[in-house]
1. Report the extension gain between Leu30 and Phe195 in nm, rounded to one decimal, defined as 0.36 nm multiplied by the number of residues separating them, less their alpha carbon distance.
2. Given H placed 1.01 Å from N in the peptide plane, which residues other than close sequence neighbours of Glu122 have an amide H under 5 Å from its amide H?
3. What is the gain in length, in nm to one decimal, between Asn57 and Asn2 on full extension, counting 0.36 nm per residue of separation less the C-alpha to C-alpha distance?
4. Give the residue from Asn282, Ala188, Thr205 lying farthest towards the positive end of the charge dipole for the chain; charges sit on Cβ (+1 for Lys and Arg, -1 for Asp and Glu) and the dipole is referred to the Cα centre.
5. Rounded if a/c is under 1.5, else prolate if a/b is larger than b/c, else oblate: which is the range 175-255, with a ≥ b ≥ c the root eigenvalues of its Cα gyration tensor?
6. Given Lys144/Lys287; Lys22/Lys287; Lys100/Lys144; Lys144/Lys225, which pairs have Cα atoms separated by over 23 Å?
7. Quickly work out the Ile167-to-Glu96 label distance, labels modelled 7 Å from Cα along the C-beta direction, and quote it in nm with one decimal.
8. Starting from 0.36 nm per residue, how many nanometres of slack lie between Ile284 and Leu311 once their C-alpha separation is accounted for?
Amino acid sequence: MNVLLLLVGFVLLVVGGNYLLKSAVGFSLLLNIPKIVIGMTIVSFATSAPELIVSLNAALDGHADIALGNVIGSNIANLGLVLAIIILISPIIVKEGFYKIDWPVMMISSLLLYFFVAFDGELQRYEGVILFAMLIAFLVYLLKFQKPAIVDELPEDDVQLPLYKNILFLAFGGLALWSGSELLVKGAVGLATNFNVSERIIGVTVVSIGTSVPELAASLIAILKKEKAISMGNLIGSNVFNILAVLGLTSIITPIKVLDFGLISNDLIWMLVISLIILPLNFIPVKMKFTWKEGLILIGIYIAFMIKTFL
């Protein structure tokens, strides 16, 4: 049954990712908004919905380590696994907006989360309010000032859809991603618990990979269709959304108290490291471009994180 849940969940994620991409491209054309903004808002919000649902439910049920570990592990997987796979398939050319705005916001959010949790081992309500307020300010900036930060290919192939189709595809894609993630996470947790693994390890590995599959599905479909701005924007936006919205809203509803301090001493450090290293990789070895070489480095970091976590 657990294996069946995994398979059905994955199919729903792939289908949902395809329709979500169609909707995102349609909205970007209809509203004349840069695609990276669409990727960092509509697409990243929809693909991060599983993290929000899982973390909120886990926190309300008293499983704080799964709630926090899910987000930390998902952010690590988004960069070390999903981004790595994408640039192994196709290189991404980056413009200066990426390292001037998008990366700094992700890094500041990550550092803020670390200091909030490391200070007293708890993410409290007022800290959640601060995180969520930052998200609102970031979204306002994006919608008003953000310029394209990624170079797309084949823009002439874009097709502008009627508004009702954009809304329909968005709703169906988001629902399919959410449903698929729910099934996949249930199956994954069911398999993992058979091995008596701690909640923290389940959260940062099995659950986080499961909730990162929507990002992988949406980004893979985007990159294969040459929508690189949406693909990259989805990942950066998801990491920002995971911290500022998922943990922000969850901690506003119920404070998240760390039980296994390995989340602070190990997992959060890995999240900061892989978030930080994205910047120099944007310049070395090829300036303003992510290629297969950077992909191999990121995959290597992610494998090291997994090994260290289970040891």
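The values are calculated or read from the model by the stated rules, or taken from the named source; none is laboratory data. Given the structure is predicted, the values throughout are model-derived calculations rather than measurements. Quick reminder, even Gly has a Cβ in these numbers, built from the backbone with ideal geometry, and neighbours come from all protein chains shown. In case anyone asks, the SASA skips ligands and DNA or RNA and just uses the protein heavy atoms, side chains included. Shrake-Rupley method; radii C 1.70, N 1.55, O 1.52, S 1.80 Å.
1. On the way: separation 165, 0.36 × 165 = 59.40 nm, distance 4.97 nm.
Taking 0.36 nm per residue and subtracting the Cα distance, the gain is 54.4 nm.
2. Val258
3. 17.8 nm
4. Value: Asn282.
5. On the way: a/c = 2.32, a/b = 1.37, b/c = 1.69.
In terms of gyration-tensor shape, oblate.
6. Long pairs (Cα-Cα over 23 Å): Lys144/Lys287; Lys22/Lys287; Lys144/Lys225.
7. Once both label points are built, they end up 4.0 nm from each other.
8. So the chain would gain 6.6 nm between Ile284 and Leu311.
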